[in-house]
Amino acid sequence: MRNLIVSAAIAAACVPMWAADTDNVNAQEIIEKFAAKELAFSEARNNYTYRQTVKLEELDAGGNPTGGKWELVEDIIFSPEGKRMEKVVWAPVVSLRQIQLMPEDEQDLRNVQPFVLTTPEIPDYNISYLGKEKIDEIGCYTFSVKPKKLTPGKRYFEGQIWVDDRDFQIVKTYGKGVGELKKGSSKNQEFPRFETYREQIDGKYWFPTYTHADDVLHFKNGDNVHIRMTVKYQDYKKYEGKSTIRYGEVVDDPKTPPAPTKKQ
């Protein structure tokens with residue numbers, strides 16, 4: 001997200017910490033197990049349809065909506081030929097006034113907020129074991145995750161993950177999207193911290209079902225922009241076609257509105 005005047009620095013957010021319980025825990029073994037499960041999860045989710053609902057609002061100092069917002073409802077489906085595609089169901093006119101959406105926001109929406117950490121991606125991150133905690137009565141191993149280096153144009157997750165101590169799948173993430181911008185990209189960009197929760201689908205895979213962000217972006221010119229964002233992933237249904245679908249394939253929808261441009 002970008003302020004319409006200058007670049008921003010995101011507000012720091014506090015995360016409750018707990019004492020790390022490292023006794024009798026082989027962190028590397030746990031990482032290898034959940035990364036393998038995450039790879040299976042990622043491949044499985046490629047073969048599910050679902051509805052994604054996004055709502056982003058600008059708020060005043062008291063946390064009340066100011067009228068500036070962005071909303072989008074789209075279905076992740078398959079064409080008759082078995083090709084994964086996104087179908088826009090509802091996309092009213094964007095009315096954001098203090099910030100505007102950038103391509104990096106779309107990358108975060110697609111790939112960072114429903115964060116997946118698979119075996120091939122493990123070398124890209126520094127992963128540190130923090131301890132154990134329960135999330136909604138689910139015993140979890142907790143890890144800190146931070147990219148080792150930033151490749152221009154690529155988005156990464158930085159924050160914490162909670163891994164189910166039985167299924168070895170991520171059930172919650174808390175953090176933000178980070179990355180080095182490509183040459184020529186606008187430098188006036190900052191990104192909010194978010195939480196993503198997963199639920200067990202079909203009794204096997206933990207799929208993301210809810211993302212929430214409520215953060216204040218502090219801009220260098222002294223402006224503070226309070227935003228709230230909610231993303232819901234609903235109605236997961238397994239696709240029974242025979243095609244092999246790769247994650248991230250997108251078909252341009254002619255009804256998709258163009259990206260917002262800077263207001264004068």
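Readers should treat all values here as calculations from the given coordinates under stated rules, not as data from a laboratory. Everything numeric in this text was worked out from a predicted model, so none of it was measured. Positions of Cβ are generated from backbone atoms using ideal geometry, with glycine treated the same way; all protein chains shown enter the neighbour counts.
Quick notes on this one:
- Between amide H atoms placed 1.01 Å from N, distances below 5 Å from Leu130 occur with Thr142, Phe143, Ser144, all of them 5 or more places distant or on a separate chain.
- For Tyr239, the amide hydrogen comes within under 5 Å of the amide hydrogens of Tyr48, Thr49, counting only partners 5 or more places away or on other chains and with H modelled in the peptide plane.
- Applying 1/(1 + (r/R0)^6) with R0 = 25 Å to the Cβ-Cβ distance of Glu32 and Glu199 gives a FRET efficiency near 0.55.
- Listed pairs Lys37/Lys83; Lys55/Lys237; Lys69/Lys238 exceeding 28 Å between Cα atoms: Lys69/Lys238
- Amide H contacts for Leu96 (H built 1.01 Å from N in the peptide plane; partners 5 or more residues away or on another chain; cut-off under 5 Å): Lys69.
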